[in-house]
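Encoded as structure tokens, the structure appears first; notes follow it.
The values are calculated or read from the model by the stated rules, or taken from the named source; none is laboratory data. Because the structure is predicted, anything quoted here is derived from the model rather than measured. Glycine also receives a Cβ, built like all others from the backbone with ideal geometry; neighbour counts cover every protein chain displayed.
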Amino acid sequence: MKRLISVISCHSYQYPKHDEGAAHHSGLNPCRSEAIRNTWYRTWQNQYTSEIDFKFFLGRNRRSPRENEIFLDCEDDYYTLPRKVQKMFQWALEQDYTDVIKTDDDIFCWVDRLLSNFSPAKYKGFVLESADGKYTSGTAYWLDREAMTIVAEAKWNPKDWAEDKWVGKTLASEGIYPEHDERYQCCHCKDCEIKFPKDSRITSHLIDPREMYELMKNK
């Protein structure tokens with residue numbers, strides 16, 4: 001078994017107007033990945049490097065990658081996120097990973113809970129539903145090698161710009177459906193904050209990078 005935490009990030013955030021707000025602000029914004037590096041990445045670095053690997057994945061850029069950064073041969077914008085995630089899974093397969101958790105760069109992960117509660121699953125996360133069927137929230141979900149291969153080899157239609165829905169639809173076409181685990185919390189509305197308390201979560205989707213520091217402080 002060879003596992004990976006993959007954080008999907010970008011060099012510059014370019015959100016469509018309808019998605020601006022909360023933590024979504026267009027322009028250069030290193031705060032989110034830096035908040036991860038200064039909080040739960042350090043937990044991984046200090047205690048869990050022998051149990052799981054950790055990489056940040058971004059698109060093409062002229063600068064040199066930082067520690068544990070992988071620059072993929074793809075665009076770096078919002079609407080081609082499915083391509084970036086697909087490229088990440090291709091890279092993970094080439095490196096012989098058996099299980100990968102894909103996360104966004106605006107989540108906090110309790111790495112100790114992630115590993116102590118790990119159980120192999122083809123496709124697992126917080127399950128949502130749309131007209132296209134069930135899928136896991138893109139904030140954090142696991143795929144095993146079989147599911148990664150399906151996503152890596154799929155033909156992507158640019159009209160499918162919602163990465164998490166595209167992954168769910170792609171896997172469903174091959175008979176793989178998501179396993180629900182509410183501990184991979186996907187929402188920061190008041191109702192979900194009450195329903196899914198932080199002390200039981202494995203990952204938490206945040207509004208502001210400053211919340212990562214608060215969670216680390218109270219960990």
Residues in segment 109-145 that are farther than 16 Å from residue 52 by Cβ and in a strand (DSSP E or B): how many?
-> 14
Pick from segment 99-117, criterion touching a Ser or Thr at 6+ places or on another chain (Cβ under 7 Å) and acidic (Asp, Glu), ranking: surrounded by the fewest Cβ atoms within 10 Å (Cβ to Cβ) = 104
Filter segment 90-115 down to residues that are closer than 28 Å to residue 216 by Cα and β-branched (Val, Ile, Thr) and give me whichever is nearest to the chain's Cα centre (by Cα).
-> 103
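Can you pull out the residues in segment 86-129 that are polar (S, T, N, Q) and touching a helix residue (DSSP H, G or I) at 6+ places or on another chain (Cβ under 7 Å)?
86, 90, 98
Taking the residues in segment 2-36 that are out of contact with any Pro (no Cβ under 8 Å at 6 or more places or on another chain), at pLDDT 75 or above and more than 18 Å from residue 113 (Cα to Cα) as candidates, determine which candidate is surrounded by the fewest Cβ atoms within 10 Å (Cβ to Cβ).
Within segment 2-36, the subset out of contact with any Pro (no Cβ under 8 Å at 6 or more places or on another chain) is 2-22, 24-30, 33, 36.
Restricting the remaining residues to those that are at pLDDT 75 or above gives 2-11, 33, 36.
Now narrow it down to the ones that are more than 18 Å from residue 113 (Cα to Cα): 8-11, 33.
Working: 8: 20, 9: 22, 10: 21, 11: 16, 33: 21.
Once the filter is applied, the top-ranked residue is 11.
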Collect the residues in segment 34-54 that are in a loop (DSSP other than H, G, I, E, B) and touching a residue at least 60 places away in the same chain (Cβ under 8 Å), keeping them in residue-number order.
-> 38, 39, 48, 51, 52
Residues located in segment 118-177, provided they are hydroxyl-bearing (Ser, Thr, Tyr), at pLDDT 95 or above and surrounded by fewer than 17 Cβ atoms within 10 Å (Cβ to Cβ) = 149, 173, 177
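Which ones in segment 55-98 are acidic (Asp, Glu), assigned to a loop (DSSP other than H, G, I, E, B) and exposed (fewer than 14 other Cβ atoms within 10 Å of the Cβ)? Step through it out loud before you land on a result.
At the first step, the residues of segment 55-98 found to be acidic (Asp, Glu) are 67, 69, 73, 75-77, 94, 96.
Those still in the list that are assigned to a loop (DSSP other than H, G, I, E, B) too: 67, 73, 75-77, 96.
Once the filter is applied, which keeps residues that are acidic (Asp, Glu), assigned to a loop (DSSP other than H, G, I, E, B) and exposed (fewer than 14 other Cβ atoms within 10 Å of the Cβ), segment 55-98 yields 67, 73, 96.
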Expected output for segment 103-131 (first residue without any contact (Cβ under 8 Å) to a residue 12 or more places away in the chain, partner assigned to a loop (DSSP other than H, G, I, E, B), Cβ below 6 Å, 6+ apart or cross-chain) is none
Residue hits (segment 178-219; among the aliphatic types (A, V, I, L, M) and either in a helix (DSSP H, G or I) or surrounded by fewer than 18 Cβ atoms within 10 Å (Cβ to Cβ) (or both)) are 194, 207, 212, 215, 216
With the first residue restricted to segment 65-78 and required to be farther than 16 Å from residue 4 by Cα and without any contact (Cβ under 8 Å) to a residue 12 or more places away in the chain, and the second required to be surrounded by 15 or more Cβ atoms within 10 Å (Cβ to Cβ) and of a type in the set (Phe, Trp, Tyr), Cβ contacts under 6 Å at 6 or more apart or on different chains are 65/71
Would you check if residue 77 is out of contact with any Gly (no Cβ under 7 Å at 6 or more places or on another chain) and at pLDDT 95 or above?
-> no
